[in-house]
Amino acid sequence: MCTPNMTVVAVGSTNSAKVEATRCAFARWLGDVEVFTCNVDSGVSGQPVGDEVFSGALSRARGARAQALARGVDPDYCVGSEAGIVSLSGAWYAWGVVCVLDRNGVEGIGTTPAFRLPAAVAERLACGSELGDVVEEMSGDAGIREGRGAVGLFTRGLLTRRDLFENGVLAALAPHVSPEWYAP
């Protein structure tokens, strides 16, 4: 199932933006990697808020490991990515958290860049809507979560969901890339 001597990365999502972000980030560090995807429940609400986004990312990384092992794959790294919203300085922002776990249990956490949401969108979120549903309706693009995402809609493609999560994965790799700085 896996190529011998190739680094295997299990991703706790089948979302193409998150999977490609992971593939690209690991390729920058290690070159070619084999990516194993699995649909993992984040264990958090449909619209995670604040610290809940961290919980969702960790849950997805752990779930990716469990699912990979159950399928006979022993991944070198497991990645969980979770998108959410947070209230900062009187406004609502969209952002994401990424957790990278290695097979020894070393955990790296990174965040994506955050971007301010339009007031009309924030109002709908306050009424219980999920960001993905709102931007899908606004854009008429049923595949927006797999592609450009809310950030792509609001930046007119200057920045995409894959771009955001690639930066989050790169940030989460810090303890793996430079373990000497993170040793206890």
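The values are calculated or read from the model by the stated rules, or taken from the named source; none is laboratory data. Computed from a predicted structure; not experimentally measured. Counting neighbours? That spans all protein chains shown, and the Cβs are built from the backbone with ideal geometry, glycine included.
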*Collect the residues in region 56-90 that are buried (at least 18 other Cβ atoms within 10 Å of the Cβ), of a type in the set (S, T, N, Q) and more than 17 Å from Val19 (Cβ to Cβ), keeping them in residue-number order.*
Ser59
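Check region 150-164 and report whether any residue there is under 19 Å from Ser55 (Cα atoms), at pLDDT 95 or above, surrounded by 17 or more Cβ atoms within 10 Å (Cβ to Cβ) and in contact with a strand residue (DSSP E or B) (Cβ under 9 Å, 6 or more places away or on another chain).
Checked region 150-164: at least one residue is under 19 Å from Ser55 (Cα atoms), at pLDDT 95 or above, surrounded by 17 or more Cβ atoms within 10 Å (Cβ to Cβ) and in contact with a strand residue (DSSP E or B) (Cβ under 9 Å, 6 or more places away or on another chain).
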*Restricting attention to region 161-184, which residues are over 14 Å from Cys78 (Cα atoms) and among the β-branched types (Val, Ile, Thr)?*
Val177
*asked:* Condition (residue is in contact with a helix residue (DSSP H, G or I) (Cβ under 9 Å, 6 or more places away or on another chain), within 26 Å of Arg116 (Cβ to Cβ) and not in a loop (DSSP other than H, G, I, E, B)) applied to region 25-33: is it met by at least one residue?
replied: yes
*Please work out which one of (1) surrounded by 19 or more Cβ atoms within 10 Å (Cβ to Cβ); (2) under 23 Å from Arg148 (Cα atoms) is the condition Gly108 fails and give its number.*
(2)
_Which residue is modelled with the lowest pLDDT, if the candidates are limited to region 17-56 and must be closer than 29 Å to Gly128 by Cα and among the acidic types (Asp, Glu)?_
Asp41
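Kindly check whether there is at least one residue in region 68-80 that is assigned to a helix (DSSP H, G or I) and in contact (Cβ under 8 Å) with a residue 24 or more places away in the chain.
Yes: region 68-80 contains one or more residues that are assigned to a helix (DSSP H, G or I) and in contact (Cβ under 8 Å) with a residue 24 or more places away in the chain.
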*State which residue pairs qualify: first residue on the phi < 0 side of the Ramachandran plot and touching a residue at least 40 places away in the same chain (Cβ under 8 Å) and inside region 110-128, second residue of a type in the set (Phe, Trp, Tyr) and not in a loop (DSSP other than H, G, I, E, B) in any location, beta carbons under 8 Å apart, and separation of 6 or more residues or different chains.*
Thr111/Trp95; Thr112/Trp95; Thr112/Phe165; Pro113/Trp95; Phe115/Tyr93; Phe115/Trp95; Phe115/Phe154; Leu125/Trp92
*Does Val19 qualify as being in contact with a Ser or Thr (Cβ under 7 Å, 6 or more places away or on another chain), surrounded by 15 or more Cβ atoms within 10 Å (Cβ to Cβ) and not in a helix (DSSP H, G or I)?*
no
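So which of Asp102, Asp133 ends up being within 19 Å of Arg60 (Cα to Cα) and surrounded by fewer than 20 Cβ atoms within 10 Å (Cβ to Cβ)?
Answer to the check: Asp102.
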_Looking only at region 1-16, and only at residues there that are part of a loop (DSSP other than H, G, I, E, B) and more than 18 Å from Ala172 (Cβ to Cβ), the one that is modelled with the highest pLDDT_ = Thr14
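Filter region 34-55 down to the residues that are of a type in the set (A, V, I, L, M, F, W, C) and in a helix (DSSP H, G or I), then identify the one that is nearest to Met6 (Cα to Cα).
So, considering only residues that are of a type in the set (A, V, I, L, M, F, W, C) and in a helix (DSSP H, G or I), the one nearest to Met6 (Cα to Cα) is Phe54.
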